[in-house]
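Step one of this worksheet: look at the structure below.
The values are calculated or read from the model by the stated rules, or taken from the named source; none is laboratory data. Note that the structure is a prediction, hence the values are computed from the model and not measured. Heads up, the Cβs are rebuilt from the backbone with ideal geometry, glycines too, and the neighbour counts pull from every protein chain shown. Just the protein is used for accessible areas: all its heavy atoms, side chains included, with ligands, DNA and RNA removed. Shrake-Rupley method; radii C 1.70, N 1.55, O 1.52, S 1.80 Å.
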Amino acid sequence: MIKFRKDINWLRAIAVLSVLFFHSKIELFSGWYVWVDIFFVISGYLITYSILSEILKWNFSLLTFYLKRFLRIFPALFTMVLFCIFFFWLILIPHEFEVFWTSLMSQSIFISNIYFMLTSWYFDLSSSYSPLLHTRSLSVEEQFYLLLPIILYSIFKFFNSRYIYWFLLWWFSLSFSYAYYLINIFPNISYNFFWLFSNTLSLASNLDAWYYLFLSRAWELLLWSILAYLILYEKINFNKINSKNPKIFSIIWYIWILLIFISIFLFNKETIFPWFYAIIPTVWTIFLILSNHYKVNNVWKFLSLWVLNFFWNISYSLYLWHWPIMVIFLYLFWEKQPLYIILLWIIISIFISYISYIFIEKKFKYQKDKNYNYIYYYSLTFMIILWFFFIWFFIKNSNGYPNRLPDKIKTLASYANVDNKNKENCHNLSIEVLNRTWPCLLWNNENNISFLVIWDSHSLELIDTLNSLANENNSTWYIISKDGCKPFDLEDNLITKECKNTRNYIKNLINQESIQNVLYIYSWNYYIQNQEDINSIKFSLNEISKKSKNIWIMKQIPQLNINPPWYIARSSMYSNKNLNQIAKEVSISKQEYINQNKLFNKFLDNIKDHNIYIIDPINYFFKDNDSSKVIDDNKILYRDYNHINAEWWKFIKTVFNDFFKIE
């Protein structure tokens with residue numbers, strides 16, 4: 001058993017408080033997320049030290065280890081999950097409830113990090129409404145707990161203990177190299193040689209994988225595992241090092257604490273993390289633990305604050321509870337949260353965490369080994385996971401179990417359905433499919449294409465409208481739809497080979513004489529950030545115009561700050577306001593819309609080329625009103641805060657009838 005270490009527990013307290021401050025979304029705390037990595041490095045040290053200590057005494061049992069981890073993690077986690085099930089049953093619309101149960105099921109089998117990698121990015125607006133998003137780091141640790149004891153015990157039993165060090169070093173190098181690979185190499189190759197993750201990485205960007213996957217984060221845990229090995233086996237005499245240079249630990253520690261506080265106030269969601277910058281909290285913690293372990297100085301005494309004793313006790317419960325409570329506050333108050341609401345959230349989170357610690361954690365945390373009932377606990381775990389599976393299966397097959405809601409709410413919530421019947425044949429198709437056939441051809445005549453239409457996911461619902469126009473005008477429209485692939489030749493340091501191939505495919509189509517009209521519809525503010533991007537688009541448009549092509553560019557639709565189906569459906573449950581009143585709370589002003597893509601709109605407004613036509617939807621969104629249209633004829637026009645649904649595209653069909661005079 002590892003000796004009790006106050007310094008490590010105090011570090012855990014500081015780490016959980018930092019995460020709490022960061023999630024408060026107060027600008028001053030924008031970089032405090034760096035401390036979450038301290039959870040990883042502490043876990044790596046403690047678990048490895050504990051396992052190796054028991055292995056050396058020939059006293060290690062896999063069953064006992066896993067049961068200890070279960071009793072430490074599962075009871076408090078299960079309590080929090082039960083609370084989430086009850087509360088979010090009441091307030092989530094069907095699609096949200098289905099997503100919630102899928103995330104719950106993924107956490108039950110310790111793969112929520114992979115699930116969230118495939119479905120969201122941690123700093124996205126939509127991620128803020130995922131009650132179990134924070135469990136992604138817990139899943140990384142659980143995967144570590146699952147693998148490490150088996151590997152260490154097997155090496156010790158069948159080989160020699162010195163191979164443990166070399167294995168840990170190899171595993172660390174593999175993880176660190178993989179993290180480097182995701183950022184610097186992956187975007188430029190067509191396949192992923194880490195075959196285990198090839199399918200998942202084809203669905204998620206390298207940045208998502210880098211942030212969420214166990215292999216790309218394991219090096220932080222393993223760095224401490226290596227340290228634990230060196231300390232336990234006395235491979236490096238740190239006392240001797242310190243005796244020759246008595247102030248070395250103190251000097252390095254103070255330098256690193258300075259870097260920590262600099263990073264806290266300078267880092268934000270744009271900072272590339274956890275790659276190089278994760279070294280700052282990781283290495284600082286190493287020096288702190290070493291200095292305390294060998295009693296070489298008293299730098300740790302600054303941690304001796306009574307309040308930290310309280311927070312390290314409740315640190316795990318606070319980690320579990322603060323996020324779902326924050327999500328509840330987001331649903332109740334949305335993004336408009338004054339300081340007193342944030343303080344109320346913090347107080348409630350701390351109070352519930354304390355209750356959880358006293359009545360749940362303590363009861364299981366300090367159980368003696370001799371009191372373990374292995375069959376009971378393992379059977380109970382299996383039954384709970386099986387129970388979750390059957391409920392998830394029912395929720396998924398009933399599309400979020402809408403029958404728990406009134407008919408009016410079900411109808412409003414249905415507009416949030418993200419499934420699109422056109423996705424399979426038209427969206428994110430590989431270059432092999434595009435070369436082999438004409439997969440998304442409206443009015444089947446590939447020899448006489450009237451319009452080549454290029455867009456991202458924000459325009460998929462327009463297909464039915466274009467299909468209607470094609471039938472009415474005896475014209476052929478060919479659609480290429482791609483997510484995350486910048487239009488034209490905009491510079492993209494993270495561009496994939498698939499995106500490059502799609503760009504070249506589009507260029508070859510434009511060069512065909514039979515295609516005379518090219519229509520671009522994008523969410524432009526995602527792709528255009530500066531004047532260099534404008535210059536790049538200007539050059540591309542000139543090149544296309546030289547080929548005597550007509551170019552049609554639709555300005556961006558208004559992007560809202562709140563998901564309309566979610567907000568309107570949920571507000572209708574508890575409010576007496578009519579739909580138009582609620583919709584106005586979601587809408588944005590005309591000036592906000594103008595500011596969303598000011599740079600690109602200014603460029604479009606100054607275009608003089610007679611072959612370039614601009615479609616401006618502003619008069620349709622803001623007709624006789626300073627607020628954007630969100631509802632028309634009691635139908636919600638958005639399916640989320642930045643995607644228009646089919647209802648709106650039908651409504652603006654007149655735009656295309658006015659502009660597209662097809663002979």
Exercise for the section: Could you calculate the contour length gain from Lys547 to Lys590, that is, 0.36 nm times the residue separation minus the distance between their Cα atoms, to one decimal place in nm? Expected result: 11.8 nm
Problem - Stretch gain in nm, segment Leu386-Tyr374, where the contour uses 0.36 nm per residue and the Cα spacing is subtracted - result: 2.5 nm
Practice task
Order the following by accessible area, largest value first: Phe176, Phe622. Probe radius 1.4 Å; ligands, DNA and RNA are ignored.
Solution key: Phe176, Phe622
Exercise for the section: Work out from phi, with θ = phi - 60° and the Karplus expression 6.51 cos²θ - 1.76 cosθ + 1.60, the ³J(HN,Hα) of each residue of the range 82-87, listed in order in whole Hz, and give x for Gly and Pro. Expected result: 4, 4, 4, 4, 5, 5
Problem - Using a Förster distance of 60 Å, the FRET efficiency for Phe394-Leu339 (Cβ separation, nearest 0.05) - result: 0.90
Practice task
Answer rounded, prolate or oblate for the range 441-567, using the Cα gyration tensor with square roots of eigenvalues a ≥ b ≥ c: rounded when a/c is under 1.5, else prolate when a/b is larger than b/c, else oblate.
Solution key: oblate
Problem - Area of Val307 that stays accessible when all protein chains are in place (1.4 Å probe, Å², to 10) - result: 50 Å²
Practice task
Just subtract the alpha-carbon distance of Trp166 and Lys635 from 0.36 nm times their residue separation and send over the number in nm, one decimal.
Solution key: 162.5 nm
Practice task
Evaluate E = 1/(1 + (r/R0)^6) for His610 and Glu513, where r is the Cβ-Cβ distance and R0 equals 25 Å; express this FRET efficiency to the nearest 0.05.
Solution key: 0.80
Fill in the blank from the handout: Under the rule rounded for a/c under 1.5, else prolate if a/b exceeds b/c, else oblate, using alpha carbon gyration tensor axes a ≥ b ≥ c, the range 510-635 is classed as prolate
Fill in the blank from the handout: Any GluC sites (Glu not before Pro) in the range 431-508 that lie in a DSSP loop and have at most 13 other Cβ atoms within 10 Å would be Glu446, Glu491
Problem - From phi via Karplus (6.51, -1.76, 1.60), per-residue ³J(HN,Hα) for the range 543-552 in Hz, x at Gly/Pro - result: 5, 5, 5, 4, 8, 6, 9, 8, 10, 10
Fill in the blank from the handout: Shape call for the range 424-512, from the Cα gyration tensor axes a ≥ b ≥ c (a/c under 1.5 means rounded, otherwise prolate when a/b beats b/c, else oblate), comes out prolate
